[in-house]
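K.L.:
Structure provided below as structure tokens; questions to follow.
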Amino acid sequence: MRRPLIAGNWKMNLDRTTGTALALDVVAGCAGRAGVDVVLCPPFVYLEAVGSTLRGSAIGLGAQDLYHEASGAFTGEVSAAMLLDVGCQWVIIGHSERRQLLGETNGSVLAKVRAALAAERNGHTLTPIVCVGETLAERETGRTQEVIRSQFAESLAELSEGEFARVVLAYEPVWAIGTGRVATPDQAGEVHADLRKQVADRYNAAVASEARILYGGSVKPENAGQLFAQPNIDGALVGGASLKAADFLGIIAATA
Ligand code: PEP
């Protein structure tokens, strides 16, 4: 049985005051709620402040990216060990904004996933949330399945079964991110089903049935329930709606 997961990707938004206030509201709003994993992913510089706010709650702390090298002369970058050091349990990898605006490739995503999985500190490890998704042009030219399959093959399928079992997938159609244009439950469900089939073909049915596959792209309290009713959608990676406690909590409530 897969446990739903709702992760909030704050992107480059909020500040120390508004971020910690939002985290407090999410902690309060989730008190007593069982059966769903909730993760907040603030910008790097606010990880410690938000992590302190989350301490003692069941809400996880995630980063929005990492660098694949362990340490060294990589100005501006942050390693997996550093994320563990500030209390992260999760890390988003291969978000489409990084793929489109910051030169991320399937190869760099794979290197980052490997780095995240290899890191360990005082018994703590990182869970990567790995994003895949097609652009509007790719969807409109009937290439969605081909694009998602090649992203899976090139950024994940080289992992061993044990490594893959620690990964969460996120299907995020690029045309639905921040646009208000959400994939229909059927559109999303079709891609999720094909992704699960890719996992079963590459690994096996047991790994596929355990794999958590999130949907991301303009998820709101109003559309979340229909998306989560799809059998292969195990939660959401949420951008804009994660910046308002009421919206984010509404999405979390829709998993019940
Ligand atoms: C995202 O950034 O991962 C995302 C899904 O954004 P939004 O919810 O704003 O579309």
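The values are calculated or read from the model by the stated rules, or taken from the named source; none is laboratory data. Here the structure is a predicted model, which means the values were calculated and not measured. All Cβ positions, glycine included, derive from the backbone under ideal geometry; neighbour counts span all protein chains shown. Only protein heavy atoms, including side chains, enter the accessible area calculation; ligands, DNA and RNA are left aside. Shrake-Rupley method; radii C 1.70, N 1.55, O 1.52, S 1.80 Å.
K.L.:
Could you please find all residues in the stretch 1-23 being within 19 Å of Gln89 (Cβ to Cβ) and open to solvent by 40 Å² or more (accessible area, probe 1.4 Å)?
P.N.:
To start, the set of residues in the stretch 1-23 that are within 19 Å of Gln89 (Cβ to Cβ) comprises 2-10, 19-20, 22-23.
The answer is Arg2, Arg3.
K.L.:
How many of the residues in the stretch 200-233 are crowded, with 23+ Cβ neighbours inside 10 Å and either away from the ligand (no atom under 15 Å from the Cβ) or assigned to a loop (DSSP other than H, G, I, E, B) (or both)?
P.N.:
Residues flagged as crowded, with 23+ Cβ neighbours inside 10 Å and either away from the ligand (no atom under 15 Å from the Cβ) or assigned to a loop (DSSP other than H, G, I, E, B) (or both) within the stretch 200-233 amount to 3.
K.L.:
(1) open to solvent by less than 60 Å² (accessible area, probe 1.4 Å); (2) touching a residue at least 12 places away in the same chain (Cβ under 8 Å); (3) of a type outside the set (A, V, I, L, M, F, W, C); (4) more than 14 Å from the ligand (Cβ to nearest atom): which one isn't true of Ser96, the others all being true?
P.N.:
Failing condition for Ser96: (4).
K.L.:
Separate question: Working only within the stretch 149-175, note down all residues that are of a type in the set (A, V, I, L, M, F, W, C) and within 16 Å of the ligand (Cβ to nearest atom).
P.N.:
Matches in the stretch 149-175: Val168, Leu169, Ala170, Val174, Trp175.
K.L.:
Mind checking which residues of the stretch 185-199 are within 15 Å of the ligand (Cβ to nearest atom) and open to solvent by 30 Å² or more (accessible area, probe 1.4 Å)?
P.N.:
Gln187
K.L.:
Only one of Ser71, Ser57 is modelled with pLDDT of 95 or more, of a type outside the set (Lys, Arg), over 23 Å from Leu214 (Cα atoms) and part of a loop (DSSP other than H, G, I, E, B); which?
P.N.:
Among Ser71, Ser57, only Ser71 is modelled with pLDDT of 95 or more, of a type outside the set (Lys, Arg), over 23 Å from Leu214 (Cα atoms) and part of a loop (DSSP other than H, G, I, E, B).
K.L.:
Of all residues in the stretch 113-140, how many are assigned to a helix (DSSP H, G or I) and open to solvent by less than 10 Å² (accessible area, probe 1.4 Å)?
P.N.:
2
K.L.:
Suppose we keep only residues that are more than 11 Å from the ligand (Cβ to nearest atom) and of a type in the set (Gly, Ala, Ser) within the stretch 234-249. Which one would you say is least open to solvent (accessible area, probe 1.4 Å)?
P.N.:
The extreme case among them is Gly235.
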